[in-house]
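A short worksheet on the structure shown next.
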Amino acid sequence: MPESAVSAWDIRNPPPRTAVIAQPGPDPGDPRLKELRERYAQMQSPMTEHAHWRREFVEAELRTNRFRADNCYLWQLRSMGESARLKYYLYARYLAATGGDELLSTLGEDGAFGAIAFQYATAPTLSRDLLDSVGELLFLDRQWGLRDRTGFSVVDIGAGYGRMAHRMGQAMSGLERYYCLDAVPESTFVCDWYLRFRGIDRAASVPLDELGSLDGTSPELAIATHSLSEMPFRAVQAWIHWLAEHEVDSLLVVPNENNRLLSLEGPGVRGDCSPLLARFGYWLRVDEPVICDPDIRALTGVYERFLLFERAR
């Protein structure tokens, strides 16, 4: 990292958190959400089978006016504990040293909708949303040539509130279209609202029962961040089958279990999805820690890995 960048990172006596923006989120009483719930409930698809994202779990975890808080979408304080502010800082220093300094500064974080965000004297305001997104963008640039691509499309499986669609839409001028897919109606609803709020017109939240609208498209890249690991085997199989049918050549997976992609069948019951990926022609090309520096990895507790699969032709 250049000396100027090092001198800019200072943690002396800042306020510990950003003020949470008093911005109303999507209305939980919106008829659109009720409609999506009814439509998804009527679907006969393995994609709608849930072992983790059951209705009672979503109702306990998700508040639509604070959908970026520490919740089912993104563990923040729960994953980093009382030292979260210091760990965010170390995580950001690592990203800056590996090429992410400009992204951290330009993408920014405003703390909207409950995001846990920390301020520093001269360093950018940091959130887990920003840190994870920058790490994923840097990985895709290193291993997939993201910055050099033009006219490419992405499909995001289990897109949540649209975190990565927002960040990639901000950062990558070569992005043509970003499709957010989710089998949870609340996620489809919130994601659609959030993308419009952020003005990301190259991204769309596609309802699950409208997947047919993507027939004839062949996105170059699929992203599944902490989503496949929360699905039953039949749902994972349906999604991988869909990717193969649409000739999606590259698949980035961030599993919940280090470098193992396991399905979730029920409490403590998991299945190995590796043979499933191979069956549909997806072979592991890159297996890399999210944080390669072993000391920063241990200090932050970020042990996740990036798994990049390529489809054999």
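I'd like to know if the stretch 256-277 contains one or more residues that are crowded, with 16+ Cβ neighbours inside 10 Å, out of contact with any helix residue (DSSP H, G or I) (no Cβ under 7 Å at 6 or more places or on another chain), modelled with pLDDT of 95 or more and closer than 25 Å to A51 by Cβ. The answer is no, given that none of the residues of the stretch 256-277 is crowded, with 16+ Cβ neighbours inside 10 Å, out of contact with any helix residue (DSSP H, G or I) (no Cβ under 7 Å at 6 or more places or on another chain), modelled with pLDDT of 95 or more and closer than 25 Å to A51 by Cβ.
Summed over the stretch 45-80, residues that are of a type in the set (D, E, K, R) and in contact with a Lys or Arg (Cβ under 9 Å, 6 or more places away or on another chain) total 4. Screening V286 on (1) part of a strand (DSSP E or B); (2) surrounded by 17 or more Cβ atoms within 10 Å (Cβ to Cβ) shows it passes everything except condition (2). For T106, the criteria (1) over 21 Å from F197 (Cα atoms); (2) of a type in the set (S, T, N, Q); (3) over 14 Å from the mean Cα position of the chain (by Cα) hold in every case but one, which is (1). Among residues of the stretch 25-52 that are of a type in the set (D, E, K, R), those with a Cβ under 6 angstrom from a residue that is surrounded by 13 or more Cβ atoms within 10 Å (Cβ to Cβ) and assigned to a helix (DSSP H, G or I), sequence gap 6+ or separate chain, pair up as R37/P185; R39/D209; E49/R234; E49/A235. Considering only residues in the stretch 152-181 that are in contact with a Phe, Trp or Tyr (Cβ under 9 Å, 6 or more places away or on another chain) and among the charged types (D, E, K, R), the one that is farthest from Y73 (Cα to Cα) turns out to be E176. Say we look at the stretch 225-243 and pick out the residues that are among the aliphatic types (A, V, I, L, M) and more than 17 Å from F152 (Cα to Cα); which of these is surrounded by the fewest Cβ atoms within 10 Å (Cβ to Cβ)? So, considering only residues that are among the aliphatic types (A, V, I, L, M) and more than 17 Å from F152 (Cα to Cα), the one surrounded by the fewest Cβ atoms within 10 Å (Cβ to Cβ) is A238. Among the conditions (1) under 24 Å from L264 (Cα atoms); (2) at pLDDT below 90; (3) assigned to a helix (DSSP H, G or I), the only one that H52 does not satisfy is (3).
Output the residues belonging to the stretch 143-156 that are within 18 Å of R285 (Cβ to Cβ) and either in a helix (DSSP H, G or I) or without any contact (Cβ under 8 Å) to a residue 60 or more places away in the chain (or both). Hits for the stretch 143-156 are Q143, W144, G145, L146, D148.
Just one residue in the set A159, A204, A224 is touching a strand residue (DSSP E or B) at 6+ places or on another chain (Cβ under 8 Å), outside any strand (DSSP E or B), at negative phi and not charged (D, E, K, R); that residue is A159. Of the helices (runs of 4 or more DSSP H) lying entirely inside the stretch 63-142, those containing at least 2 residues that are surrounded by fewer than 22 Cβ atoms within 10 Å (Cβ to Cβ) and among the polar types (S, T, N, Q) are 101-107.
The values are calculated or read from the model by the stated rules, or taken from the named source; none is laboratory data. Model, not experiment: these values are computed from the prediction. Note that we place each Cβ from the backbone using ideal geometry, even for glycine, and neighbour counts take in every protein chain shown.
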